[in-house]
Amino acid sequence: QVQLVESGGGLVQPGGRLRLSCAPGTMIFRDNTIGWYRQAPGKERELVASITTFGLAISAGFTRGRFTIARDSAQSTVSLLMDDLEPEDTAIYYCNTEPPLIPWGQGTQVTVSS
(Lines give C-alpha, C1' and ligand atoms only; values in the text may rest on other atoms or scores of the structure.)
Protein backbone atom coordinates (compact mmCIF):
# COMPACT_ATOMS: atom_id res chain seq x y z
CA GLN A 1 0.00 0.00 0.00
CA VAL A 2 1.22 3.47 -0.89
CA GLN A 3 2.16 5.52 2.13
CA LEU A 4 2.46 9.27 1.90
CA VAL A 5 5.19 10.79 4.04
CA GLU A 6 5.23 14.47 4.90
CA SER A 7 7.96 16.25 6.84
CA GLY A 8 9.34 19.67 7.66
CA GLY A 9 6.67 21.17 9.88
CA GLY A 10 7.33 22.90 13.15
CA LEU A 11 6.80 25.99 15.27
CA VAL A 12 7.72 29.28 13.66
CA GLN A 13 7.15 32.92 14.47
CA PRO A 14 4.98 35.13 12.26
CA GLY A 15 6.97 36.19 9.23
CA GLY A 16 9.06 33.05 9.37
CA ARG A 17 9.79 30.38 6.80
CA LEU A 18 9.33 26.63 6.57
CA ARG A 19 9.99 24.09 3.85
CA LEU A 20 7.78 21.02 3.76
CA SER A 21 8.67 17.87 1.88
CA CYS A 22 6.51 15.08 0.52
CA ALA A 23 7.68 11.65 -0.62
CA PRO A 24 4.75 10.06 -2.43
CA GLY A 25 6.70 7.17 -3.95
CA THR A 26 8.34 7.03 -7.35
CA MET A 27 5.36 5.85 -9.41
CA ILE A 28 2.88 8.19 -7.77
CA PHE A 29 5.29 11.08 -8.25
CA ARG A 30 5.93 10.20 -11.89
CA ASP A 31 2.32 9.79 -12.99
CA ASN A 32 0.28 12.32 -11.01
CA THR A 33 -0.31 15.93 -10.21
CA ILE A 34 0.70 16.30 -6.57
CA GLY A 35 -0.96 18.69 -4.18
CA TRP A 36 -0.30 20.13 -0.75
CA TYR A 37 -3.38 20.43 1.43
CA ARG A 38 -3.99 21.74 4.91
CA GLN A 39 -6.54 21.35 7.64
CA ALA A 40 -6.84 23.84 10.44
CA PRO A 41 -8.67 22.99 13.68
CA GLY A 42 -12.42 23.00 13.12
CA LYS A 43 -12.11 23.58 9.39
CA GLU A 44 -12.35 21.51 6.24
CA ARG A 45 -9.23 20.30 4.49
CA GLU A 46 -8.31 22.62 1.64
CA LEU A 47 -5.94 22.59 -1.29
CA VAL A 48 -2.94 24.87 -0.84
CA ALA A 49 -1.03 24.30 -4.07
CA SER A 50 -0.51 21.68 -6.74
CA ILE A 51 2.04 20.89 -9.42
CA THR A 52 1.57 18.80 -12.54
CA THR A 53 3.96 16.24 -13.97
CA PHE A 54 5.10 18.95 -16.37
CA GLY A 55 5.85 21.36 -13.55
CA LEU A 56 2.84 23.65 -13.91
CA ALA A 57 2.13 25.02 -10.45
CA ILE A 58 -1.11 26.48 -9.14
CA SER A 59 -1.53 28.05 -5.71
CA ALA A 60 -4.65 28.96 -3.77
CA GLY A 61 -5.50 32.63 -3.52
CA PHE A 62 -4.85 32.77 0.19
CA THR A 63 -1.17 32.02 -0.37
CA ARG A 64 -0.77 35.47 -2.00
CA GLY A 65 2.56 34.49 -3.55
CA ARG A 66 4.05 33.46 -0.21
CA PHE A 67 4.15 29.72 -0.97
CA THR A 68 6.12 27.96 -3.69
CA ILE A 69 5.56 24.35 -4.70
CA ALA A 70 8.27 22.46 -6.57
CA ARG A 71 9.08 18.99 -7.85
CA ASP A 72 12.45 17.26 -7.46
CA SER A 73 12.58 14.55 -10.10
CA ALA A 74 15.90 13.19 -8.88
CA GLN A 75 14.46 12.40 -5.47
CA SER A 76 10.78 12.00 -6.43
CA THR A 77 9.74 14.56 -3.85
CA VAL A 78 7.49 17.60 -3.83
CA SER A 79 8.32 20.53 -1.61
CA LEU A 80 6.32 23.48 -0.34
CA LEU A 81 8.37 26.53 0.60
CA MET A 82 6.34 28.83 2.81
CA ASP A 83 7.49 32.38 3.44
CA ASP A 84 6.04 35.20 5.51
CA LEU A 85 3.97 32.78 7.53
CA GLU A 86 0.94 34.04 9.42
CA PRO A 87 -0.92 32.62 12.43
CA GLU A 88 -3.76 31.78 10.03
CA ASP A 89 -1.43 29.31 8.29
CA THR A 90 -1.42 27.12 11.39
CA ALA A 91 -2.68 23.70 10.33
CA ILE A 92 -1.70 20.14 9.62
CA TYR A 93 -0.27 19.99 6.12
CA TYR A 94 -0.73 16.94 3.92
CA CYS A 95 0.29 15.90 0.45
CA ASN A 96 -1.67 13.71 -1.92
CA THR A 97 -2.45 13.45 -5.57
CA GLU A 98 -4.70 16.16 -6.95
CA PRO A 99 -7.50 15.18 -6.79
CA PRO A 100 -6.71 13.09 -3.72
CA LEU A 101 -6.74 9.39 -4.58
CA ILE A 102 -4.53 7.86 -1.90
CA PRO A 103 -5.28 7.28 1.79
CA TRP A 104 -4.10 10.30 3.72
CA GLY A 105 -0.85 10.19 5.64
CA GLN A 106 -0.32 11.67 9.09
CA GLY A 107 0.65 15.07 7.76
CA THR A 108 3.05 17.51 9.34
CA GLN A 109 2.04 20.12 11.89
CA VAL A 110 2.76 23.77 11.15
CA THR A 111 2.26 26.20 13.99
CA VAL A 112 2.77 29.93 13.49
CA SER A 113 2.87 31.75 16.78
CA SER A 114 4.86 34.31 18.66
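The values are calculated or read from the model by the stated rules, or taken from the named source; none is laboratory data. As the structure is a computational prediction, the values presented were derived from the model and not from experiment. When we count neighbours, we look across all protein chains shown, and the Cβ atoms used for this are built from the backbone with ideal geometry, even at glycine. Each accessible area value is taken on the protein alone, full model and side chains, heavy atoms only, with ligands, DNA and RNA left out. Shrake-Rupley method; radii C 1.70, N 1.55, O 1.52, S 1.80 Å.
What to note about this one:
- Between the alpha-carbon centres of the range 3-51 and the range 75-100 there is a gap of 3 Å.
- Residue ranges 86-97, 67-78 sort as 86-97, 67-78 when ordered by packing (mean number of other C-beta atoms within 10 Å per residue, highest first).
- Note on the range 1-101: Cα-only Rg and Dmax are 12.9, 38 Å.
- Residue 44-residue 3 FRET efficiency (beta carbon distance; Förster radius 35 Å; 0.05 resolution): 0.90
- Calculated mean residue ellipticity at 222 nm for the chain: -1000 deg cm²/dmol, from DSSP H runs with n ≥ 4 weighted as -39500 (n - 2.57), summed, divided by the residue count and rounded to 500.
- Summarising the strand pairing of the chain, around 90 percent of its internal DSSP beta bridges are antiparallel.
- Considering only 100, 41, 24, the Gaussian network model of the chain with Cα springs below 10 Å gives its largest mean-square fluctuation to 41.
- Prolate/oblate/rounded label for the range 5-55 (Cα gyration tensor, a/c 1.5): prolate
- For the pair residue 84 and residue 64, the difference between a 0.36 nm per residue extended length and the Cα-Cα distance amounts to 6.2 nm.
- Average accessible surface area per residue within the range 39-93, 1.4 Å rolling probe, Å²: 55 Å²
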